[in-house]
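Have a look at the structure below, then the notes.
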Amino acid sequence: MPNYAVSVSGFQNTAAALDTVSNNIANANTVGYKAGEYVFADQFAKVTNPRDASRTGMGSQMLNVRRSMIQGTITNSKNPLDLAISGNGLFRLTDPLTQPDAIYYTRNGQFRLDNKGYIVNENGMYLTGYQPDNEGREIQGNLGLLKMPPNVIPGKKTELSKLGVMLDSRATPFTDSLNVAFDPDQSTFNNKTTQTVYDSEGNAHTLEVYYRRVSGNFKGNSGSEKFEVRMNESGYAYDPSINASPSTLGKSVIELNKLSVLRVNDAAAHYNSVQTSSQAGGTTTVNFEAPVTSVSADMRIFLNGVDTGKSVASVAGSAITFSGSLTLKPSDAISFYAGYKSTDSAANPLKAGSWTAGTKTLDLAVAPAAGTDLVGYRVFEKSGANWVDTGAVVSTQSGTGLTLDTGAYTFTAGRELEFRPELSMTLVTPNGAEVDLTGASNNPELFNEQNTLKLLGNKATVEVYASIDQKFFGKDAGYTTNRDVMAQTTSALGYKPVARIDFVNGRNIDSLIPDTKSANPAFYTDSTLSGKFAFADGHEESYSIRLDLSETTLSALEFVVNKNAQDGEAASRLTNISIDDRGRIAGIYGNGSLRYSGQIVLTHFDAFEMLAPVGENVFVSTPYSGTEQDGLIQVDDAGNAVPVRQPNPGDPSGELAAFSAYSVYLGRPGTAGLGEIRSGALESSTVDLSSELVKLMVLQRTYSSNSQALRAQDQTLQSLLQSIG
């Protein structure tokens, strides 16, 4: 007998498919709508006999209404709160007033503001996202409701000021011999710059900073014209400036790895063709291919540019001999530099006589050997078993009288002296900076902690003076600094520097080397300025402003300000709102500052088709789509979200694991495969009207065909009954 249920199922499913198409056509203009596709399936009875009559089929059935995550066309809008997702992800919504535990998802980005400034859709559901810190400077990781930036931001008191200027190295320094002290009303400084700082109410005040290049003899802690790097077996180290603050607490010196390159720049006698070398009786003899010229006894031997600590004992034709052992290869380059001078004509050691620091005059106890020229040689004094590098160089020589270039070291009469030639060298730091220095050797391993060699360089010094609202720090009562810096020339008017910056090769010595732990400069050049802001009504407010001068440089160019920044702000009104492609909501204010009020969060579902539409342009998650509770998110080094599988409390048997494992995660737009946000734009429906109309005609014919099948079944049944009756 005919089975009416087969045709009835055709009627029912075709009618449902017509409803799906009609719904698509009805939502052709619904923003963010994803077109549905009715999925037909056949029906068969569960039989095992292939000849069973039930194998003819039981009609049709519905498996699903499939909604593919296809990108809709993005069209422009005049409303900045109209948002479109370009790529993967859904907006995340909540309705805390009526359904506080429910979470909704949508691609419809038609948002507006409620009466409290929160961003809501046309149904009153709240858009969620990542929240900012208290000042709106950064966006943090906690989720919450998103709202617009405040209409007014209050003033913020300045606590940090950063000034980075390039000073002109060609400017004439103020020397001690001129005896001209700093006076802001006179031409007693080289450059000046200003900066606006703020009190807590947002009132503006003027910070003025003066730069004064100085040189000559320095008093007390007012410094030295020499830049000193200490070299020993541990490497290289030097002291930061008096205004230095370490990047890593506990640091007091700036250290360089001993593998840093210390290159000798002086010309020398070079020989590259070692033919043979032999060792015997504690000496080494080296034979070259050609006769050795311009080399004499006592000259220092450098191997491949590095001091060996050995001296030439004798020269004979193409061979040289020296004490100790040294393994050489034919490819080695050997250089010879002037040797040490330490004896008189009778080979007696030279010794210190009288020393006058004021005139920098050193008298020798005995005269050096005839013809010995000590000018340009560094002076070493023996203390016990060690030689001490005094850092002093002979400027002039007359008999036993020597004039030195510095009076900083105090010589002791009767101690042995040794004069070592000054070598012009360049220290190449790990970050590529080059520092010109002079010293007696370039091999740290030749010097232990007690026998430290000094590398000296020419240093430029700049004094810095500062005032706020014409109140000078260190001069006016109540206006102080945490640095006790002495001026090179004392001011009778009471002006004192707030900082002193030392330069070598145009670079600030504090920031010359990066800190190995933080990658910031090893030390900051700064000074804390303390005083009081005065208000129009007569009351005062204390302040402490850290003045950071670390980025100050010195170059043979005109004075220029490269950085002028501070963290205070004037009170200001909101002038504009922007939402960038990362979903960050920012307010732009009249004073030029920017404040974040949050960042839109997007949710990804691998099984998007398993979300349940509940009307009003939103979906809810199901056990088959996976839920937010199914996974936690980790972020890898590249900033990508990595879901971590967690037990699904709604799936104790694990049957739904295929739908929920690693399938749901939240993230920031533009990261972890999530799309970007387009502000002032909307995503159109994915309905293709032409296609839907074609489907409609096909389904109409199908519906008609099902009616014909039902009519045929009815006629067949009637004929059967008539034949029986």
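When the charge dipole of the chain is built from unit charges on Cβ atoms (+1 for Lys and Arg, -1 for Asp and Glu) and taken about the Cα centre, the candidate among SER278, MET125, SER260 whose Cα reaches farthest toward its positive end is MET125. When only the Cβ of Lys, Arg, Asp and Glu is charged (+1, +1, -1, -1), the dipole of the chain relative to its Cα centre reaches about 700 debye. Rounded to the nearest 10 degrees, the inclination of helix 689-724 to the longest alpha-carbon principal axis of the chain is 30 degrees.
Would the range 485-630 count as rounded, prolate or oblate if I go by the C-alpha gyration tensor, calling it rounded below 1.5 in a/c and otherwise prolate when a/b exceeds b/c, oblate otherwise? Prolate, because a/c is 1.5 or more and a/b exceeds b/c.
Compute the Cα gyration tensor for the range 261-428, then decide on rounded, prolate or oblate, letting a ≥ b ≥ c be the square roots of its eigenvalues: rounded whenever a/c is under 1.5, prolate when a/b is larger than b/c in the other cases, and oblate in all that remain.
In terms of gyration-tensor shape, prolate.
Peptides 104-110, 25-31, 319-325, 602-608 ranked from most to least packed give 104-110, 602-608, 319-325, 25-31, packing being the mean of other C-beta atoms within 10 angstrom over each peptide's residues. Once the chain from SER555 to ASP537 is taken as fully extended at 0.36 nm per residue, the excess over their C-alpha distance is 1.9 nm.
Beta carbons within 10 angstrom, averaged per residue: use that to sort the peptides 617-627, 148-158, highest first.
617-627, 148-158
What residue among SER311, PHE189, PHE174 has its Cα farthest toward the positive end of the dipole of the range 160-317, where the charges are +1 on Lys, Arg and -1 on Asp, Glu, each on the Cβ? Sorting the options by dipole projection puts first SER311.
The angle separating the long axis of helix 4-26 from the principal Cα axis of greatest extent in the chain is about 50 degrees.
Whole angstrom only: what separates the Cα centroid of the range 679-696 from the Cα centroid of the range 436-499? For the range 679-696 versus the range 436-499, the Cα centre distance is 73 Å. Computed about its Cα centre, the charge dipole of the range 261-428 is approximately 180 debye, with only Lys, Arg, Asp and Glu carrying charge at their Cβ. Here the residues TRP387, TRP355, ranked from fewest to most Cβ neighbours within 10 Å of their Cβ, fall in the order TRP355, TRP387. Selection among GLY371, ASN482, PHE227 by position relative to the dipole of the chain gives PHE227 as farthest towards the positive end (Cβ unit charges, Cα centre).
Grab the DSSP H runs of the chain that are 4 residues or longer, score each as -39,500 (n - 2.57), total them, divide by all residues and round the 222 nm result to the nearest 500 deg cm²/dmol.
So the calculated ellipticity at 222 nm is -3000 deg cm²/dmol.
Laboratory data are not the source of any read-out in this text; all were calculated from the coordinates shown. Quick caveat, the model's predicted, so the values are computed rather than measured. With ideal geometry, Cβ positions are generated from the backbone for all residues, glycine too; neighbour counts draw on all protein chains shown.
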